[in-house]
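Peer 1: Would you mind keeping the following structure in view while I ask a few things?
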Ligand code: SAM
Ligand code: SF4
Ligand code: SF4
């Protein structure tokens, strides 16, 4: 199955909830995601059976990696049941992206259910900086405990994602790199992206990946390493003293749409062919109809075959003003 730019579908990102217990200012700013904000009702969310059915159809079409995300995926009750169902679909790399707040409690049960690995988001090790960024006063130590619990449960190497925002956490990058150097966990710095419409993104707030690498290199000499596989999103660097590696994800300054093989399924059952898509393709209606797997498969084929997305490559002031969906809804 190829899209109009000859890209196959390989990765499926499934958002299991649009809710979160954090209010990271770059993702779910408090001014918008407050008491009045209407999150999806229970009946609108895909059930685990519906999610597994879509995933199975996509695995038949070439999907090799499935990532559970959100919102905060660990807020979805009994997520381990979904993990178990997805793990039974075959030989897939099954991962989760989480803010880590509930990981200490959940790591073992997720590993037992068949999860392959976890990615934990942690933007700074400076407690004051981190508490301000998550905007719910959540301490660094509890996320670090979650990372260790995941590694102990066999869900490592843990990838640790840090979004870098100028003037907010860019003075704490070297401290982070030092902490994770030699730990066996892999730190990745992410350029702040213009996803959604609520975070007030400005290009001036982006710290380009090249600048991030320069900053790290000045303190901890490093050199580029070849990608693990073609189309790997993070650019890898290794410390010259042999103490491990880190990565940078340069979605803004060095876009990688040409090798983008990702399809997203929102919590309420819409397929999105790009993180910056303005609209999705409703599959829930089909799932709740008499349609059989062949009909649903044909729908999925149509969505992917018609895919033209390359937003990050054509990003401009014009595209920036389009009504994009929120990251917390579509899943990061
Ligand atoms: N709540 C989970 C978490 O934070 O890991 C999963 C969902 S979150 C939307 C997925 C990832 O997207 C996180 O690593 C987060 O830091 C990243 N993210 C959110 N908004 C972003 C933005 N504007 N630019 C870059 N990354 C962003
Ligand atoms: Fe929640 Fe993750 Fe968004 Fe932060 S980045 S508000 S933890 S969904
Ligand atoms: Fe893929 Fe869209 Fe991101 Fe380009 S902008 S890499 S097409 S998700």
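The values are calculated or read from the model by the stated rules, or taken from the named source; none is laboratory data. This structure is a prediction, so every number in the text was calculated from the model and none was measured. Cβ placement follows ideal geometry from the backbone for every residue including glycine, while neighbour counts extend to all protein chains displayed.
Peer 1: Right, residue 21: away from ligand 2 (no atom under 11 Å from the Cβ), out of contact with any strand residue (DSSP E or B) (no Cβ under 6 Å at 6 or more places or on another chain) and not in a helix (DSSP H, G or I) or not? Quick ask: steps written out before the conclusion?
Peer 2: On the way: away from ligand 2 (no atom under 11 Å from the Cβ): no; out of contact with any strand residue (DSSP E or B) (no Cβ under 6 Å at 6 or more places or on another chain): yes; not in a helix (DSSP H, G or I): yes.
The answer is no for residue 21.
Peer 1: Kindly list, by first and then second residue, each pair from a residue in the stretch 273-286 that is at pLDDT below 90 to a residue that is assigned to a loop (DSSP other than H, G, I, E, B) and more than 14 Å from ligand 3 (Cβ to nearest atom), limited to pairs with Cβ atoms under 9 Å and residues at least 6 apart or on different chains.
Peer 2: 278/323
Peer 1: Of the conditions (1) over 16 Å from the mean Cα position of the chain (by Cα); (2) within 20 Å of residue 133 (Cβ to Cβ), residue 2 fails just one. Which one is it?
Peer 2: The failed condition is (2).
Peer 1: How many residues does the stretch 12-21 hold that are surrounded by fewer than 21 Cβ atoms within 10 Å (Cβ to Cβ) and either away from ligand 1 (no atom under 16 Å from the Cβ) or within 16 Å of the chain's Cα centre (by Cα) (or both)? Break it down into steps so the answer makes sense when it comes.
Peer 2: First, the residues of the stretch 12-21 that are surrounded by fewer than 21 Cβ atoms within 10 Å (Cβ to Cβ): 19, 21.
Retained after the next criterion (residues that are either away from ligand 1 (no atom under 16 Å from the Cβ) or within 16 Å of the chain's Cα centre (by Cα) (or both)): 19.
The qualifying residues number 1.
Peer 1: Consider the stretch 26-60. How many of its residues are touching a strand residue (DSSP E or B) at 6+ places or on another chain (Cβ under 9 Å), within 24 Å of residue 93 (Cα to Cα) and in a loop (DSSP other than H, G, I, E, B)?
Peer 2: If we filter the stretch 26-60 for residues that are touching a strand residue (DSSP E or B) at 6+ places or on another chain (Cβ under 9 Å), which is where we start, we get 26-27, 46, 51, 54-55, 58-59.
Subset that is within 24 Å of residue 93 (Cα to Cα): 46, 51, 54-55, 58-59.
Now drop any that are not in a loop (DSSP other than H, G, I, E, B), which leaves 46.
Final tally of qualifying residues: 1.
Peer 1: Determine which single condition residue 100 fails, assuming it passes every other condition in (1) within 26 Å of residue 25 (Cα to Cα); (2) within 16 Å of ligand 3 (Cβ to nearest atom); (3) part of a loop (DSSP other than H, G, I, E, B).
Peer 2: Every listed condition holds for residue 100 apart from (2).
Peer 1: Determine the pairs where a residue that is within 16 Å of ligand 3 (Cβ to nearest atom), located within the stretch 146-175, has a partner that is assigned to a strand (DSSP E or B) with Cβ atoms under 6 Å apart, the partner being 6 or more residues away or on another chain.
Peer 2: Listed by first residue and then by second, the contacts come to 161/119; 161/121; 161/188; 161/190; 163/190.
Peer 1: Same structure again: Is there a residue being crowded, with 19+ Cβ neighbours inside 10 Å and more than 15 Å from ligand 1 (Cβ to nearest atom) anywhere in the stretch 68-75?
Peer 2: Here is the first cut: in the stretch 68-75, the residues crowded, with 19+ Cβ neighbours inside 10 Å are 68-74.
Next, from what is left, pick out any that are more than 15 Å from ligand 1 (Cβ to nearest atom): none.
Looking for residues that are crowded, with 19+ Cβ neighbours inside 10 Å and more than 15 Å from ligand 1 (Cβ to nearest atom), one finds none in the stretch 68-75, hence no.
Peer 1: Is it the case, given these coordinates, that residue 163 is assigned to a strand (DSSP E or B), at pLDDT 95 or above, within 20 Å of residue 193 (Cβ to Cβ) and touching a helix residue (DSSP H, G or I) at 6+ places or on another chain (Cβ under 6 Å)? Even if it seems obvious, please write down each step before you answer.
Peer 2: Working: assigned to a strand (DSSP E or B): yes; at pLDDT 95 or above: yes; within 20 Å of residue 193 (Cβ to Cβ): yes; touching a helix residue (DSSP H, G or I) at 6+ places or on another chain (Cβ under 6 Å): no.
No: the conditions fail for residue 163.
Peer 1: Can you say whether residue 128 is farther than 18 Å from residue 27 by Cα and not in a loop (DSSP other than H, G, I, E, B), as far as the supplied structure shows?
Peer 2: Numbers: farther than 18 Å from residue 27 by Cα: yes; not in a loop (DSSP other than H, G, I, E, B): yes.
It is true that residue 128 is farther than 18 Å from residue 27 by Cα and not in a loop (DSSP other than H, G, I, E, B).
Each row is one residue, and each column tells you yes or no for (1) over 21 Å from residue 188 (Cβ atoms); (2) within 16 Å of ligand 2 (Cβ to nearest atom); (3) out of contact with any helix residue (DSSP H, G or I) (no Cβ under 7 Å at 6 or more places or on another chain).
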position: 245; (1), (2), (3): no, no, yes
position: 258; (1), (2), (3): no, no, yes
position: 271; (1), (2), (3): yes, no, no
position: 314; (1), (2), (3): yes, no, yes
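Peer 1: Just to be sure, is residue 199 over 27 Å from residue 151 (Cα atoms) and either in contact with a strand residue (DSSP E or B) (Cβ under 7 Å, 6 or more places away or on another chain) or assigned to a loop (DSSP other than H, G, I, E, B) (or both)?
Peer 2: Working: over 27 Å from residue 151 (Cα atoms): yes; either in contact with a strand residue (DSSP E or B) (Cβ under 7 Å, 6 or more places away or on another chain) or assigned to a loop (DSSP other than H, G, I, E, B) (or both): yes.
Taking the combined requirement at face value, the residue satisfies it.
Peer 1: Do you know which residues across the stretch 269-279 are within 16 Å of ligand 1 (Cβ to nearest atom) and not in a strand (DSSP E or B)?
Peer 2: Residues satisfying the conditions are 274, 275, 276, 277.
Peer 1: Moving to a separate point now. Would you be able to say whether some residue in the stretch 253-266 is on the phi > 0 side of the Ramachandran plot, touching a strand residue (DSSP E or B) at 6+ places or on another chain (Cβ under 8 Å) and within 16 Å of ligand 1 (Cβ to nearest atom)? If you could, list the steps in order and put the result at the bottom.
Peer 2: Kept after step one, since they are on the phi > 0 side of the Ramachandran plot, are these residues of the stretch 253-266: none.
Checked against the condition, which is being on the phi > 0 side of the Ramachandran plot, touching a strand residue (DSSP E or B) at 6+ places or on another chain (Cβ under 8 Å) and within 16 Å of ligand 1 (Cβ to nearest atom), the stretch 253-266 yields no hits at all.
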